[in-house]
Structures are given as C-alpha cells and as structure tokens.
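J.: Have a look at this one before I ask anything.
The values are calculated or read from the model by the stated rules, or taken from the named source; none is laboratory data. Since the model is a prediction, treat every value here as computed from it, not as a measurement. Because the Cβ atoms are built from the backbone with ideal geometry, glycine has one as well, and the counts that use them run over all protein chains shown.
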Amino acid sequence: MAVLEPFLKQLKQSGSIMFSLLRPAYSNCRLCGRSMKPIVRAETYADASYARYQLPIIPELCESCNRSIAWIKDVRCLICGRAVHCDDCIRRVDAGFIWNRSAVRYDSVMRSWLANYKYQGQEHLEPLLIDMLEPMFKQMTTELISRLNIKVKPRRYKYMPDILTGFDQMKHHAAACWDIVTYVPISEERASERGFNQAQRLAAGLARRYGLPIASLLLRTRHTTRQSFKTRLERLRDTRMLFTAEPAAAALLTSIYTDKYSHASTFFTLEKQPLRVLLVDDIYTTGSTANSCAITLHACSGITLELYVLTWARS
Amino acid sequence: MKGWVYVVEEQRGLSAFVTIEPEIDRLFWLDAEFQMGIRTTVESVNRIGRRAGAIEGGEWIRSDEKSVGAVKDARKAGIRENGATGNEEVELYGGGGKTEANGEAAKNGITEMNAGQLWMVDSPLALGIAVRAADLWEERFGIGKVKAKERAAGQSGDSAVGKQGGFSDAANEIKQCVALAIKEADAGLERNDAAAAPITAAAAAVPIRHIQADRSPRGAAARTARRAEALAAAALAAAGAMQGRALLHSEAHALLAAAGASRPGGASWNAVLQLAALLGRLRLRSAIAVVAEPRRWGVLAQALGRPRRRCRCKRCGSGEARMRRTPCAACGRMCAYCEACIGMGRARECSLLLLGGAAAPLRRSSPLPQETRLRRWGLSPAQLEAAGQALACIEAPSPMTTSSKQPSSPLTTTQSPFPYSPQLLSPSITRSPYSWSKHPSKQTQRVFMLWAVTGAGKTEMIFPLIESVLLRGGRALVATPRRDVVLELDPRIRKAFPGAGVVTLYGGSEQRWEQGEITLATTHQLLRFEGSFELVIIDELDAFPFHGDPVLHYAADKVCALHGAKVLLTATPPAELRRDARRGRLPYARVPVRYHGHPLPVPVILRIPAIKEVLHNAKLPAKLVKVVLQSVERGAQLFLFVQRIRHVDPLVRLLRTLHTGIIIEGTSSQDPQRGDKVQRFRRREIRLLVTTTILERGVTVPRSDVFILDADEKLFDDASLIQMAGRAGRSADDPHGKVYFCSPSRSRSQASAIRQIMMMNRTADKKGYLINSRKGIFKWRF
C-alpha cells in the first residue's frame, strides 16, 4: 500500500483537475475572498430586489460585498456632494472649487475598506477603489457636459458607423471635459511611512483609464497630524496655508492653456473657456483641504481655473 | 527606508556592513575616544552581569537586570560585532582560535574595533538593496573567501596605504556588489532594459566615500567619550528589551518607547539601534529578503531563462506567491510587500526588520527529580504518565548541546544569538501544511505530541513542562489559535505560577511589548518573535486558523529556540501527524481518558431526514423529538449543532413549537450577542442552544447533551465530530452525557469518529484508567 501511495495521490490530483474543467468558472471576491459566480447584473442576484435601486455593480465583488457599498445615489447638496441636507455649504463664502462629488458615504464599512487600503497598505484594493470612483466620475462628466454645453467632436472612423457607444464615448467626453487631473499631496514623512499617496494613486488610475493628462501641481508645506482626529474648527485652522504650488505648476498650466487654443482656426474664433481641473482626493469631510488646495491653485497662475473635486468618500 | 552599505578594515580583514545611521558607524570604527567610551560601559555591564550570574544559583525567576547582564554577558563573549554577515556562525563554531587571537579584547565582548579606514556608499540605497549588497560582498570577498595574502600583496605593492593600494579594491568590490544587487532587483520586475545592461557601467556610477580614522577635536574628546558611554548603555538596554523579538521598525520604536528606553543627548532611535547592532546584540535585516536564484542547469536554459528575483518574507516565511510589487515612495523603487502577514503591519522590501537575538542556552540540571516535580500538580494517573513522558522528552539533552562543534572555552560556550542565518532560512516553507521537518530548526528542536481526549485536562498537564523550563532558566510560550482561549488560560497560569511574569498577547493586548517568563499568545502574535522560547506549547493545533496555514506553522518553528522543544496538544491530530506518530517519527503520549476517569460518551446514530427537508416540511422528526425531550427531562443542557448559519433561526422557531417550557436560543459567528448567549447557556438560563461549529471546541458546559444535525455533510469531518461529541459528559457529576449523530445517511467521517472514540475508551480500559472498569463492555457497536 505504501508503494501505491504516490500513484494514488497523483490519480486523485489529476481527477480533481479534470473535475475542475467541468465546473462553471467561479472566482473569488476581491474583498472577502469567498468564491462567487461572476455576476455583472443585479437582476441575477439572490435578492433580486437589489436591482430596483439601480446602483452600480462592481463585478469583482460578491453579492454581499456589493450590497454593503454605501453609494451616494442622490446628491442633495449640489456643492459638496452630500447625500443629506447640508448646512456647511450655506456658511461657506470663499469656496475655491465649484463642486465636490463623492462616490460613497463614509460609513463604518467604507471606513474599514479605506483603512485597509490606506493605513494597512493592502494595495491590492486599489483597482477596486478606482472602480468605485468611476461611476461618479462618469456622472460628473456627463452632468458637466450638458450644463456647460461642451461640444464633443465625435471622431470619425472610416469604415465604422458614426456611433460611439459606452466606454469609447465616455472617453471622448472625459477628454473634452477635463483639461487636467491633479490630486491632493501628502507630506514627505507620510509618504515614506505609508509608501504611497492614496489620492495620487486614485487620480492616476482614473486618468489612465480615460487617457487624461495628470500632473502634480501642489506640495504640502508642513507635516500635520492625521486629519481624522480633529474637529471641524481645528481642521479649518490647520489647513490654512498648508499647500504651495509646485514650482513648475504655473508654466504647466500656461502651456496646457495655450495648447488648447493653438489649433483654433482663423475662421472660427473659439470662445476661450477657463481650464477645467479635476482635483482627486480619498475623502471629503469639511472641504477645508480641498478648499485650501483650490485657493493655492487659483493663486499660482494668471489663468482662470474651474476646479471640480472628486473624492472617494463623503463623511 | 534607506540604508548605507560600507566595507570596513578590521584587524583580521575586511567586512561589509549595513547601517541606518552612518555617523554612528564612523565614530564606532574610527574614533578612538568613542571606542573608549563604549569599552567602559560594556566592561562595567559585564562586571555587574558576572556578579549577578554568580548570585543567580538555583533560583528560577529571571529578573530584567539579569537578562540584560548575566545572560548577555555569557553569550556575547565570542561574538564579533554586528551580524550583517551570513557566515559568522560558521566561523564562530569552527574557529575558536579567532577569539583567542584577539586575547583580552575578546573577553570584553569587543573584539577588533580599531579599524583603519572604511569605504562607504555616498548616497543611501533602498534598504533591501543595501542588505543584499552586503551579503553579496561577504559571499564573494568576505573573510576566508579572498586570501589574506593576495590583499597583503596588493597592500605592500603600494605602501601609501589607501586609494591605489590593494585595499582600494574594497571600493571597487562594494561598487560591484551594489550594482549587482540593483541588477538582481530589477530583474524581478517586468521586462526591463536595465537588467540587461552590463554591471560594470552601473558599478562605476556608484559613488563611494573613503573615510579614514581621525580623532575628535581636542576639546571634544571627553565629551565624545561620555556620549559614547551613555549611548552604549542605551543600546544595551534597548537590545535587552528586544531580546527574542522580530520587529518592524515602527514596532521597535513602540517597544522602546513602552519599555522606557532612553535616548541620551537627543540621539535618534536609529542611532541607538545601530549601535546595538554594532555591539552584536541586534541584527538589522530587510523585512523581505532576496533569495539567491538556484543555478539553472543546462546552457540553453541559462541562455533563455531570464534571471528572476525570488523574494521571501523574513517575518512569516512566505515566498514569491504572496509578494506584491508596487511603486514605493519610501525607497523610490518597485518594492515588494508581503500580503500574507499584512495584518501584523506591512513588511516591505525596504523596511527594516530588527532581530533581537535568541534565548540563552538552558542550564542542564534541575534541582528536583522529575517524579517529585510531577507529583506537585495533582494529576490523574493517565495524565501523570503522559506528562512524565513529555517531561522526559523535553529534558533530554538536545542534539545541539551534544554536538562536537561546541567550543570548549568557558568564554565561548555560548551559541550565537542569531541561529537563523539567511542561508539556513531560505528553503523553509514547502507546500505541505505540516512542514515540521523542513525547517532548519527541526534538526535540533525536539517535538512531542500530547494526544489527549477532549476533557482530559490538557492544561494541567502542561504545568510541569512549563515549570521544568522555568527551573532551568528558560522561557515558555503557550500558543493557541483563539483569543478566547488565551483569555481563559491567563488566570489559570497566573495562579499556577505566582512568581513568574506572565505576558498575554493577542490583537489589541495591553502587554504587547512586555517580556516575561511565560507568554500566552494567539498564534498570529508569534510572528513578532524569533528564537526566543525554549518551550513552545501549541494548543489545538488542528483548529482554524493554525491548521492549514503555512505562515503560522513557520512562525511556530521560528519562535522556538534551536535547542528548545515544541509540544503539540490536540484531541484530534490530523492524519499526517497520526501517521508520523504511528511510524515512530514523532514521539507522543496518549491520554485516553478524561480526568474524572469515566469513558467518553459514544455517539449514537439517529436516522432522520436532512435538516433542509425538516425545515421545508416544518415538522420535526418523531425520533429527534423523543431524544430531545428525554434530555430535557434529564435536566441536561442541549447543544444542537447545525452546518449552516441560515438554518439556525428557522430551527429555533421550529423547536419552540414543541412547547417544552425551556428557553431555546440560536447563535452563530454573525450573532453580535453570542458571548452573552453562551454565558446564559452556562448559567442554565438558556437550556437549548442551536449553534454552528463556533462552539465546537474550548467550551465546557457541565451536564450537557450533544445533537449533531446533518452529521453526514462534508463540513463536519471526523475531527470536528469528535470535538463536538467532546462537549458532552465533561464534568465529574454527570460523566455520561448523550451524543447523537443525526443524519439521513451514514458517512465515513461518522464511522471514523465513533471508531476513534471507542478505541480511546478501550485503550483506557486496557490500561486500567477507568474508575469502574468492566472489561469488555466496549464492544464494537458498528
């Protein structure tokens, strides 16, 4: 029997490999690791009623993880992107940015996901967070295009119908809508401790998917303790003069601006619009960080900017 | 984090080191006043240590001062400064002559400090690369690798010692090694042109600074010496606090802050740690190390195969499969981190892992004979026999201490505090979950399995083992997979050993950074130790998460000192261990009877439909109702085990329709009130508890009966069936609890569980452990 043991083992193994070929393709949930069927439509969920909320579905997550995402479906405060009524924005007088939009509410589940990524360093969650940022980015872009009446020049393909659908169309819209993507910087101490800047990673991921230009325009002047331990007033006081512009920022903005209008033909004088900048961060609490960044950016060059903020979570 | 690599010229030749605080290294090697200061401190500490060692005698409680002094004193005598090199252990054991040659200085623990010059990389490197470069240098050009004659010849050829002479080769060599380390690192990344570039060009670009000995400015000499004294004292204290630990940089800071270590003159923690490393008390490594690529055979394969970098986590032993490479802001490279042990803080390629050195060897003799010591604990005959066997095994001389390699001089009889050299560590984790035999420590560690039935009183049996190690001046560790068990064990251990320091470690424990003679820990906490315990007891080794997690197995091997012993406690050993035991590869003792001397309740099989069907029909089977009502009448506490969480609530509702007049509740891992419900069940407020396998082990409820529903499903293997059956009849006043396996069909695991239980009963009967033994009543009922 002892002699046969390795052979039996081999047989068992090859048997299970054969068996796995017959099984439907299951994958593991990226977050909880449970095995799941790849489901992309909420209608096929065990609890089909989830479909009626018409929320985005992240295909890499299992049903229960998908259901625990606190999406912001209705934006109640058009300035700060809150899902509930907001008093802060009425008080605000010196907002440097036009809107903020956030993908999710910062509830306990979302908090733990972000903590796993940001503080524990589970960088395999990064694509997931970018996936979650995407629906809001699309919504924001579409909204902006319709509001500002931006003309999207459809690219013509020679042998293809003149219809662009889905992702391609979104790419064109995004390119027409955003001139540059930038992000909130972190201090050098924090960077060496954490190993990465979460805002930069989110921004870079988004920019890569939609082919948008990304640049680092800001620097953090001093190392502050973690924002999450502070009250509203402390944050507002603390974030004043926290950022400066990168030395090359002004030149970069100018060159983008001139590039944009250098192709304007002599026949049509293009109406010159301000540069639209998308500022990305992981979390929006009082808006003081975003505001401080925005003020710094406005001051750094003579070009008028329109700043929009996209954050992953709104607390 | 970043580090510098340098080559220093000592009396006996050149050595390569890595530093995180280059200024300290410069002073240590080249500044005479600084050296004087360090020598003063080390000598005075040694003197105190020797005196303390003399007093120590037969007393077994080791105080903190002594562990700083006496233990260290004995150990470090033969050890050269710093452990950045891989082959120092070999030298240590192989050549006693080395230390003799150094004469007086060796006795003081400081061998050759008067270095002439050093060559240091001018700009900091990513720590992983710096460590690898130093290793490469030692591999290629270290002492014994390049003949001293060659170097001497080069030196004499150009008497102006320095830049053009033989020793300037060192600068070139270190350049080469740095370039090679960088190339290796790049080769692991995606197709990269840098990997293909010849290293000579890259080597030329590495800036090297040549530093020669100089004296402090005249007025500052005394100040430098005083500063060195204070710094050395702080370094020794820090090393004492970190003994036996394997800590990341931030963890080390937390530990030192918690231990109240001082930083004289506003020195940084890095300076203190670096000096401790130079004094040979700490070892600085990168948390993830590059393992040398095994040579591919065949010219063609070599030509085609791209060189690959294999990383291994030094903390949890995980290999390339658990590595993830991301751009790192701390070192500015693509830098790997370990996903397997990320819950304990992230180990990166460029992050520092501080190894605090292993435990001191044990005294051989204990003052009392084994029998006397065993009798103290009031064990039952069965327990006494098994504990005696275990005790004999762990007190047997270790293969290490009897080896002929041991140097004979009293000053050098100690072993290295760093038994895990990088070469030894590399092939440690294999695919088998029971890789006991693969770890290098296996050659010297002893392993003993205590196979005791559920309710046999395992905890009492480990007391004499712990006592034995404490008597010999060692430290003991009890590791269990679950936090609840740690908390439950804590008061019992403290009561049994009132004089010893007990440290309880789990996620969020207050005692995280303390040291004690007895450590109770969840298995994950073991990652923060290395080679620090003479006795490692692993409780419930077949339970989740320990079972089947190679990381935790590696950790258990790693924390045990090379000359230590490992005791595995289990009621249901996995098949591999059972086989090893049967074939005589694993010494073991069986305790086939419970402490009260009654046999284990043998499960009865009850044929009822699957629970899914029962719930669908909303009607409990008459057979089940009958036995449940019998148990209720008997006044027992009823456990009902089900497989699925979703079955718990419907079953509770269905059972309530019986109107038995008792309180029925259900719980599962997703129940927030489960702790409360278990408490109420213990207090007999709840009489029937429907539960999933969460209460499978570690729960003792007196006077209980067990019903296992759907016992034929594959989630319940024989081990978990035995464990669940073991909840019944644990107390002496009701030893004959009932156990029912309720299922529509008979499965192999049920048969196996019943067979194993009956086998244990028969063994107990045969050995005469049962209280009222009637020979032959335990017949096969299957």
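J.: Out of (1) within 14 Å of chain B (Cβ to nearest Cβ); (2) modelled with pLDDT of 90 or more, what's the single condition that is false for residue A:218?
T.: Of everything listed in (1) within 14 Å of chain B (Cβ to nearest Cβ); (2) modelled with pLDDT of 90 or more, residue A:218 misses just condition (1).
J.: Next question, about the same structure. Taking the residues in region A:177-202 that are within 29 Å of residue A:259 (Cα to Cα) and out of contact with any helix residue (DSSP H, G or I) (no Cβ under 9 Å at 6 or more places or on another chain) as candidates, determine which candidate is farthest from the other protein chains (Cβ to nearest Cβ).
T.: Selected residue: A:199.
J.: Anything in region B:636-654 that is part of a loop (DSSP other than H, G, I, E, B) and either at pLDDT below 90 or closer than 13 Å to residue B:709 by Cβ (or both)? List them, or say none.
T.: B:642, B:643, B:644
J.: Now, a different point. Could you check, for region B:548-559, whether at least one of its residues is surrounded by fewer than 23 Cβ atoms within 10 Å (Cβ to Cβ) and basic (Lys, Arg)?
T.: no
J.: Tell me, which helices (runs of 4 or more DSSP H) wholly within region A:168-256 include 2 or more residues that are of a type in the set (Gly, Ala, Ser)?
T.: It comes to A:188-194, A:198-210.
J.: Moving on. Restricting region B:453-483 to residues that are more than 30 Å from residue B:694 (Cβ to Cβ) and in a loop (DSSP other than H, G, I, E, B), which is modelled with the highest pLDDT?
T.: Ranking the candidates gives B:475 first.
J.: So, one more: Does region A:115-125 contain at least one residue that is part of a helix (DSSP H, G or I) and of a type in the set (Lys, Arg)?
T.: yes
J.: Follow-up. Return the only residue of A:32, A:62 being within 14 Å of another protein chain (Cβ to nearest Cβ) and farther than 24 Å from residue A:197 by Cα.
T.: A:32
J.: Looking at the structure I just gave you, is residue A:42 among the small types (Gly, Ala, Ser), crowded, with 17+ Cβ neighbours inside 10 Å and not assigned by TED's automatic domain parsing to the domain that holds residue A:310?
T.: Yes; evaluated as a whole, the condition is true for this residue.
J.: Taking region A:299-315 only, how many residues are surrounded by fewer than 16 Cβ atoms within 10 Å (Cβ to Cβ) and assigned to a helix (DSSP H, G or I)?
T.: 1
J.: Also: Got a number for residues in region B:317-338 being more than 7 Å from every other protein chain (Cβ to nearest Cβ), assigned to a loop (DSSP other than H, G, I, E, B) and either surrounded by 21 or more Cβ atoms within 10 Å (Cβ to Cβ) or touching a Lys or Arg at 6+ places or on another chain (Cβ under 8 Å) (or both)?
T.: 4
J.: From the residues in region B:263-316 that are more than 20 Å from residue B:5 (Cβ to Cβ), surrounded by 21 or more Cβ atoms within 10 Å (Cβ to Cβ) and out of contact with any Ser or Thr (no Cβ under 7 Å at 6 or more places or on another chain), which one is modelled with the lowest pLDDT?
T.: B:281
J.: Being β-branched (Val, Ile, Thr) and in contact with a Leu (Cβ under 6 Å, 6 or more places away or on another chain) is the filter; apply it to region B:454-491 and report the residue that is farthest from residue B:518 (Cα to Cα).
T.: The extreme case among them is B:486.
J.: Now, a different point. What do you reckon, is residue A:95 within 14 Å of chain B (Cβ to nearest Cβ), over 15 Å from the mean Cα position of the chain (by Cα) and either over 25 Å from residue A:306 (Cβ atoms) or not charged (D, E, K, R) (or both)?
T.: Answer is no for this residue.
J.: If you don't mind, another one. Across region B:339-356, which residue is farthest from the other protein chains (Cβ to nearest Cβ) among those that are among the hydrophobic types (A, V, I, L, M, F, W, C) and over 12 Å from residue B:2 (Cβ atoms)?
T.: Looking at the filtered set, the residue picked out is B:355.
J.: I've got another one for you. Consider residue A:146 carefully, then state whether it is surrounded by fewer than 17 Cβ atoms within 10 Å (Cβ to Cβ) and within 14 Å of chain B (Cβ to nearest Cβ).
T.: For residue A:146, the condition - surrounded by fewer than 17 Cβ atoms within 10 Å (Cβ to Cβ) and within 14 Å of chain B (Cβ to nearest Cβ) - is not met.
J.: If you don't mind, another one. Output the residues belonging to region A:203-215 that are over 28 Å from residue B:347 (Cα atoms) and within 14 Å of chain B (Cβ to nearest Cβ).
T.: Residue satisfying the conditions is A:208 alone.
J.: Also: Test residue A:101 against the stated conditions and say whether it is buried (at least 19 other Cβ atoms within 10 Å of the Cβ) and assigned to a loop (DSSP other than H, G, I, E, B).
T.: Spelling it out, it is not the case that residue A:101 is buried (at least 19 other Cβ atoms within 10 Å of the Cβ) and assigned to a loop (DSSP other than H, G, I, E, B).
J.: Scan (1) at pLDDT below 90; (2) closer than 28 Å to residue A:306 by Cα for the single condition residue A:137 breaks and write down its number.
T.: (1)
J.: Out of region B:655-693, which residues are among the aliphatic types (A, V, I, L, M), under 26 Å from residue B:596 (Cβ atoms) and part of a helix (DSSP H, G or I)?
T.: B:678
J.: Which number in (1) among the β-branched types (Val, Ile, Thr); (2) loosely packed, with under 10 Cβ neighbours inside 10 Å; (3) touching a Pro at 6+ places or on another chain (Cβ under 9 Å) marks the one condition that residue A:69 misses?
T.: Evaluating residue A:69 over (1) among the β-branched types (Val, Ile, Thr); (2) loosely packed, with under 10 Cβ neighbours inside 10 Å; (3) touching a Pro at 6+ places or on another chain (Cβ under 9 Å) leaves (2) as the failure.
J.: Could you pull out the residue among B:536, B:591 that is farther than 15 Å from residue B:477 by Cβ and at pLDDT 90 or above?
T.: Only one candidate passes the filter, namely B:591.
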